[in-house]
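Read the figures in this text as sums done on the coordinates, not as results from a lab. Bear in mind that the values here come from a model prediction, so they are computed numbers and not experimental data. Every residue, glycine as well, gets a Cβ built from its backbone with ideal geometry; the counts of neighbours run over all protein chains shown.
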Amino acid sequence: MQVTDHIHALKVPFSVTTPQGKIPRFVYVYLIYGEGICLIDSGVASSEKIIFDCLEKTGRKPEDVSLLILTHSHPDHIGAAQAVKRATGCEVAAYTAERAWIEDVELQARERPVPGFFSLVGGSVKVDRTLKDGDVLNLGKGLSLKVIHTPGHSKGSISLWLPEERALFSADAVPIVGDLPIYEDVLESARSIKRLRALDGIEFLLASWDDPRRGEMAYRIMDSGLEYLQRINETVRIVDEGSRDLDPMEFCRRVLKELGLPETIANPLVARSFQASLASRGN
Ligand SMILES: [Zn+2]
């Protein structure tokens, strides 16, 4: 789907493994057509086929991809990075704090086990360029991409702002109401959403787990993401006060139930988020 003159959005379907079987999901990958082509995230393993199909349909070829920015190291963002790098020879860029898990996916699988990890991730890839908050990447054709550090979902999560097209690539920084709440630090996550919310004149909100949103809707999505985080935190507090010392998975199921979400989506990553909410209460 072409979003603006220079941006294409690709919806990549995949499935995640749960005790109840596989459930369908999707993740967005974005392409910015500048002097070369800049890819934002790579999708899961084998997504390169969808990316290269898109290039062909628009009269371009894999070698035109000059830069792959990984917004963070989670499997649905880096899964095809190794294959993309091999086929295109592009530079790979990410925030410093995400580097270890991108360059060593076995380490990531040990430290943050996701069910079906190796069906989602094709392999490790070297990060050629580390990014920091405020960096501006010149994409040619008058396009510049500004790096905004938006931690919370993960330590080194970044968002990217393309002012010439008033497009904000928010990756997983803004939680989607009713979807799996995944964060490492709830206070940082809230601060990051507020920081993005403060950007003036966003015309396109381009997230990984949501369809592209335009105009006022972009701001409404950020507001509701923030409210969702606050509601989760409050629910965690109530469940904790009602029954102390539950094991993390049982605690996770109770919070989900209180939130009106299906308990079947309980998994160790969601449990980790709620434990992070509990830990933040001491701050
Ligand atoms: Zn993520």
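Based only on Cα atoms, what mean projected area does the convex hull of the stretch 89-240 have, in nm²? Write down the numbers at each step before the final one.
On the way: hull surface 41.3 nm².
That works out to 10.3 nm².
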Other-chain or far-sequence residues with amide H under 5 Å of residue 144's (modelled H)
139, 164
Show me, for the stretch 218-230, the HN-Hα J-couplings you get by feeding each phi into the Karplus relation (A = 6.51, B = -1.76, C = 1.60, θ = phi - 60°), rounded to Hz, glycine and proline as x.
4, 5, 5, 4, 5, 4, 6, x, 5, 4, 4, 4, 5
With label points set 7 Å from each Cα along the Cα-to-Cβ direction at residue 246 and residue 22, the distance between them in nm comes to 3.1
Between 0 and 90°, nearest 10: helix 186-197 axis offset from the chain longest Cα axis:
40
Pop out the ³J(HN,Hα) list for the stretch 129-136 in order, Karplus 6.51 cos²θ - 1.76 cosθ + 1.60 with θ = phi - 60°, rounded to Hz; leave Gly and Pro as x.
9, 9, 9, 9, 4, x, 4, 10
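Within a Cβ distance under 9 Å of residue 124, other residues only, what is the Lys/Arg minus Asp/Glu net charge? Can you show the working numbers first?
Working: positive: 126; negative: 103, 104, 106.
Once all neighbours under 9 Å are counted, the net charge is -2.
Below 14 angstrom from the Cβ of residue 238, what's the summed charge of the other residues (Lys, Arg +1; Asp, Glu -1)?
Working: positive: 231, 237, 244, 254, 257, 281; negative: 234, 240, 241, 258.
Once positives and negatives cancel, what remains is +2.
Give me 146, 85 ranked fewest to most by other Cβ atoms within 10 Å of their Cβ, as a rough exposure proxy. Don't skip to the answer; put the middle values down first.
Numbers: 146 16, 85 20.
Lowest count first: 146, 85.
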Give the angle, between 0 and 90 degrees and rounded to the nearest 10, that separates the Cα long axis of helix 248-259 from the longest principal axis of the Cα atoms of the chain.
90
With +1 on the Cβ of every Lys and Arg and -1 on the Cβ of every Asp and Glu, and nothing else charged, how large is the dipole of the stretch 11-97 about its Cα centre, in debye rounded to the nearest 20?
320
Amide H of residue 37 versus every other amide H placed in the peptide plane: which residues, excluding those fewer than 5 positions away on the same chain, fall under 5 Å?
65, 66, 67
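Scan the stretch 194-234 for GluC sites (Glu not before Pro) in coil per DSSP, keeping those whose Cβ has at most 16 other Cβ atoms within 10 Å, and list them by number.
Values: sites: 203, 216, 227, 234; in loops: 203.
Here the GluC sites (Glu not before Pro) that fit, given the DSSP loop and packing criteria, are 203.
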So for the pair residue 197, residue 49, with labels modelled 7 Å out along Cα→Cβ, what separation do we get in nm?
4.2
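Among 112, 129, 244, which comes first, second and so on when ranked by fewest other beta-carbon atoms within 10 Å? Can you show the working numbers first?
On the way: 112 17, 129 12, 244 8.
Ordered by Cβ neighbours within 10 Å, fewest first: 244, 129, 112.
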By the gyration tensor of its Cα atoms, with a ≥ b ≥ c the square roots of the eigenvalues, what is the shape of the stretch 1-136: rounded for a/c under 1.5, prolate for a/b over b/c, or oblate?
oblate
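How much net charge surrounds residue 166 when only the other residues with a Cβ under 11 Å from the Cβ of residue 166 are counted, with Lys and Arg +1 and Asp and Glu -1?
Working: positive: 214; negative: 164, 165, 200, 203.
Value of the local net charge: -3.
Just want the ordering: 158, 221, 32, from fewest to most Cβ atoms lying within 10 Å of their own Cβ.
Values: 158 29, 221 21, 32 26.
Ascending Cβ contact count within 10 Å gives the list 221, 32, 158.
Based solely on its DSSP helices, what 222 nm [θ] is calculated for the chain when runs of n ≥ 4 H residues each add -39,500 (n - 2.57) and the sum is averaged over all residues, nearest 500 deg cm²/dmol?
On the way: 10 runs with 102 residues, N = 283.
The helix contribution divided over the chain gives -10500 deg cm²/dmol.
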Using modelled backbone amide H atoms (1.01 Å from N, in-plane), which distant-in-sequence or interchain residues come within less than 5 Å of residue 26's amide H?
14
Per residue of the stretch 233-246, what does 6.51 cos²θ - 1.76 cosθ + 1.60 with θ = phi - 60° give for ³J(HN,Hα)? Whole Hz please, x for Gly and Pro, Karplus curve as stated.
4, 5, 5, 4, 4, 5, 5, 5, 5, x, 7, 6, 6, 7
Quick check: the angle from helix 268-280's long axis to the longest principal axis of the chain, C-alpha only, nearest 10 degrees?
70
With the dipole of the chain defined by +1 on each Lys or Arg Cβ and -1 on each Asp or Glu Cβ, the option from 131, 219, 230 whose Cα lies farthest towards the positive pole is 230
